[in-house]
Amino acid sequence: MDKPRQKSPATALPPATIDMIGEDLLFNVFSKLPAVDCAAAACVSRSWNVTITRLLSLPKLSSAVSLNPSLQVAVNDVIDKVLACPIRPQFVIASIGPAFDLDEAHRLIAGRFGSQIPVITSISQGIFGQNATTNEFEEVQWDTFDDDDEAHADLGNEIHGALLTVGFLPGLAIDLIPLSRTLGNQVLMIDDLVLSVRERSSSRSGSASPVGILLFSDEETDIKFVLEKFDYAFSTETVIVGDGGSQFLYRGEAAINPSNNKAASSAAVVLLFSRDRGKPPGVGETQFHVMLSTGISSIGPTYKAVSVRGRSCDYSTWLTAKREAVHGSLDGQTILDQIYDELGGHNNCPVLYIGVTKRRKCSIGQEKPSWISTHEFHEVLSGDEEYLYVHGVGIRSGDSFRFYHASSDLARASCNTVANNFRHLKQLLNYECDDHTNSNGVATHKKPVFGGIMFACCGRGKLFFGEPNVDGSPFLEKFPGVTFSGTYCTGEIARADLCSYEQGSQEHSSISCNLHVFSTVYLVMSYTPPLPQH
């Protein structure tokens, strides 16, 4: 009789652990964690640390809006939202409504981020972004009207809210540099600022011209002179955008007062983006792309300033002018009557500006001066039988100028042009696809757009177009699901030239225009991954 067959002992299986699910699946799990939990998970094991480091090396722009009337709640809402996913913050930009206290808001926001992270907090004219609670895009312009009841009602009486934007841009080093005043706050140390930017960019990248400059200016500062120097000093490849007039506070390594550790304020502050030549291997490159939607149209002939009186006491200029084929100087009333006639009468007159073309010598420090040409806008205040009165100074006898008026139709058409440009940009960035090679046999990759920031004139928005979200729609439609936020401001900064406003000769492309009115500036961020390792 055969003996019963004995079963061989079962092979002991190794204990199941989360590491057995594979690195790619683990990567997806970590990508769903809040930023704080993800940072804690990186301390669990070496393999987790490697996976999370790879996750945190990807580009990220995160933003959120809260319209809660409580400052504390609004700040908590937006911070919790932007940190709901893994991110390694390199910079923080916040914008609040006029009902909130700037000092307290800045303290609350800066206190939630590491002391070495640059933080800029400002009071803007309005905000645009994704609501932290509903995830719907909100366009809110603060109700700051004093005597326009209709506008007051249309804006919904909003004076509170907060927008927070946090970013990590692979391949870029980020610094914060303030613009100081001296001699009783009357003189701007512009040359010192330019030299500091050059020095910091050179130390970071080996190039005196940075990749980008995000500039925030105090509302009392004439930022035109700063932009003139920047345009002269830095390569045309350097992107320069920002808000040309707001209240702001900042915190950064160069901006903290060691005596009391309080955030400093200044005439302006630069958020500097330099190519990081010390970046670790396996990190790609971040690129900036800028689009401009204009909203003013030229009207009337070209004039030339004759008698010019700049008045620093009320920051205005009084001038007379002449035009071709007309003998003698023209006073302000005569000039304005001609413009009003072309617009269909005084009752149809919108806000007017003159765009002045200026040719000046420019230099930095002890450098040899060079000639530059700029186009700058001055709001028209009034005119009488003696002078035309405009806001701002810096106009000289012999400068030529044209009149411009705001046009919602032109602005809407310009937004459509920007949308088409976004479509072309998207096609260009996606032309090189994963797992393909070019004619040289080199592997190529997609270059995704991962974020966008908008600076729009406070004169645009719902009241200007008759409906909300016109300014934001070009980006939202072409890059759905991509982080996008923005502010409404009183001076939109973007490097451009006169061709943006005038169809003409090649000469216009050599005339820079960097501070705009009734415009919207779009800063788009894309990422080029590193080439695969073989």
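The values are calculated or read from the model by the stated rules, or taken from the named source; none is laboratory data. Since we're looking at a predicted model, the values are computed, not measured. No Cβ is skipped: glycine too gets one built from the backbone with ideal geometry, and neighbour counts run over all protein chains shown. With ligands, DNA and RNA removed, areas are computed over all heavy atoms of the protein, side chains included. Shrake-Rupley method; radii C 1.70, N 1.55, O 1.52, S 1.80 Å.
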Among the numbered conditions (1) closer than 30 Å to GLN130 by Cα; (2) in contact with a strand residue (DSSP E or B) (Cβ under 9 Å, 6 or more places away or on another chain), tell me where SER201 comes up short. (1)
Selection from the range 108-125 of residues under 14 Å from the mean Cα position of the chain (by Cα) and either at pLDDT below 95 or in a loop (DSSP other than H, G, I, E, B) (or both) yields SER124
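Just give me the residues in the range 93-113 being of a type in the set (A, V, I, L, M) and under 18 Å from ASP80 (Cβ atoms), in sequence order.
ILE93, ALA94, ILE96, ALA105, LEU108, ILE109, ALA110, listed by residue number.
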Restricting the first residue to the range 206-220 and requiring it to be within 14 Å of THR238 (Cα to Cα), which pairs with a second residue that is among the polar types (S, T, N, Q) and part of a strand (DSSP E or B) meet a Cβ separation below 7 Å and a spacing of at least six or different chains? PRO210/SER274; VAL211/SER274
Look through THR286, THR320 and report the one residue that is touching a Leu at 6+ places or on another chain (Cβ under 8 Å), open to solvent by less than 70 Å² (accessible area, probe 1.4 Å) and farther than 20 Å from LEU381 by Cβ. THR286
With the structure loaded, tell me whether CYS362 is open to solvent by less than 50 Å² (accessible area, probe 1.4 Å), in contact (Cβ under 8 Å) with a residue 60 or more places away in the chain and in contact with a helix residue (DSSP H, G or I) (Cβ under 7 Å, 6 or more places away or on another chain) or whether it fails that test. yes
From the set of residues in the range 1-54 that are open to solvent by 90 Å² or more (accessible area, probe 1.4 Å) and acidic (Asp, Glu), which is modelled with the highest pLDDT? ASP24
Go over the candidates SER312, SER293 one by one and state the one that is small (Gly, Ala, Ser) and open to solvent by less than 20 Å² (accessible area, probe 1.4 Å). SER293
Tell me which residues, restricted to the range 381-413, are in contact (Cβ under 8 Å) with a residue 40 or more places away in the chain, open to solvent by 20 Å² or more (accessible area, probe 1.4 Å) and in a helix (DSSP H, G or I). SER408, LEU410, ARG412
